[in-house]
Amino acid sequence: MDARFNLFDNELATRFAKRFANAGMVIHQSPLPKSTQELVSLRASQINGCGWCIDMHTKEAAAAGETSVRLNLVAAWRESTVFTEAEQAALALAEEGTRLADAHQGVSDETWAQVRKHYDDDQIAALVSLVALINAANRLAVIVHQRGGSYQPGMFAATFD
């Protein structure tokens with residue numbers, strides 16, 4: 001399957017991407033732990049079947065020192081012992097916030113209580129924003145068939161400055 005459209009070669013899409021990246025920088029610079037940011041982005045991307053984003057967030061996390069064991073277990077985080085309670089709360093929020101149509105209540109009160117237990121208001125703002133942003137990014141990439149495999153860590157760092 002080839003990409004339907006190259007978002008990186010279109011002027012309008014590039015202007016949008018710069019603003020999208022700026023929103024991402026707000027989250028990146030937040031007090032939400034970087035490892036949590038990558039794990040959440042990876043899990044939502046797995047659920048949405050976004051090869052480009054799975055590739056990106058796996059490689060960025062590894063480049064930042066995340067272990068292969070944890071990266072390999074993100075899809076089965078409930079059945080593993082390598083994630084903290086705080087990370088589990090964030091992963092649960094990512095799943096429930098990504099699968100909104102699967103549950104009439106959206107994010108459960110139980111998950112929200114766990115998030116409140118482990119994160120302060122600024123971290124929660126970043127976490128909720130991250131779940132929304134990664135889901136939007138997944139949709140962009142999936143719609144145009146942006147395939148994974150070619151991403152290199154940091155490759156967009158200077159592009160959107």
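When the chain is modelled as a GNM with alpha-carbon springs shorter than 10 Å, which of G149, G65, G51 fluctuates the most?
With Cα springs under 10 Å in the chain, the top fluctuation among G149, G65, G51 is at G65.
In the Gaussian network model of the chain, springs joining C-alpha atoms below 10 Å, which of V131, V107, V40 carries the largest mean-square fluctuation?
Ranking V131, V107, V40 by mean-square fluctuation puts V107 first.
Any idea what the dipole of segment 3-161 comes to, in debye rounded to 20, about its Cα centre with Lys/Arg Cβ at +1 and Asp/Glu Cβ at -1?
On the way: 14 positive and 18 negative charges, 97 e Å.
Computed about the Cα centre, the dipole is about 460 debye.
Which aspartates and glutamates have a Cα lying under 13 Å from the Cα of K59, excluding residues fewer than 8 positions away in the same chain?
E38
Could you rank F20, F8, F83 by how accessible they are, 1.4 Å probe, largest area first?
Numbers: F20 50, F8 90, F83 15 Å².
Ranking F20, F8, F83 by accessible area, largest first, yields F8, F20, F83.
Find the accessible area per residue for the chain; the probe is 1.4 Å, ligands and nucleic acids are left out, and the unit is Å².
On the way: 9040 Å² over 161 residues.
Accessible area per residue: 56 Å².
Which value in deg cm²/dmol, rounded to the nearest 500, describes the helix-derived mean residue ellipticity at 222 nm for the chain, given -39,500 (n - 2.57) per DSSP H run of n ≥ 4 and division by the residue count?
On the way: 7 runs with 99 residues, N = 161.
Computed ellipticity for the chain at 222 nm equals -20000 deg cm²/dmol.
Calculate the spin-label point distance for E79 paired with R4, positioning each point 7 Å from the Cα along the beta-carbon direction, and give it in nanometres.
3.3 nm
Using a Gaussian network model of the chain whose springs link C-alpha atoms within less than 10 Å, name the residue from T111, T67, T58 with the highest mean-square fluctuation.
Judging by the Gaussian network model, the answer is T67.
Going by Cα centres, segment 1-47 and segment 94-161 are how many Å apart?
What the calculation gives is 9 Å, centre to centre.
Cα-based Rg (one decimal) and Dmax (whole number) for segment 41-114, in Å?
When restricted to the Cα atoms of segment 41-114, Rg and Dmax are 12.7, 38 Å.
Ignoring ligands, DNA and RNA, what percent of the 1.4 Å accessible area of segment 1-65 is carbon and sulfur?
Numbers: 2060 of 3600 Å².
Here carbon and sulfur together make up 57 percent of the probe-accessible area.
With a 1.4 Å probe and every protein chain left in place, tell me how much accessible area L93 has, in Å² to the nearest 10.
Per-residue accessible area (L93): approximately 10 Å².
What do you get when you divide the Cα radius of gyration of the chain by 2.2 N^0.38 Å, with N the number of residues?
Numbers: Rg = 15.5 Å, N = 161, 2.2 N^0.38 = 15.2 Å.
Relative to the rule-of-thumb radius for its length, the chain sits at 1.02.
Farthest toward the dipole's positive end in the chain, which of W52, A3, A113, given Cβ charges of +1 (Lys, Arg) and -1 (Asp, Glu) about the Cα centre?
The residue sitting farthest along the positive end of the dipole is A3.
The values are calculated or read from the model by the stated rules, or taken from the named source; none is laboratory data. Please read these numbers as outputs of a predicted model, since none were measured by experiment. We place every Cβ from the backbone using ideal geometry, glycine too, and count neighbours over all the protein chains shown. Only protein heavy atoms, including side chains, enter the accessible area calculation; ligands, DNA and RNA are left aside. Shrake-Rupley method; radii C 1.70, N 1.55, O 1.52, S 1.80 Å.
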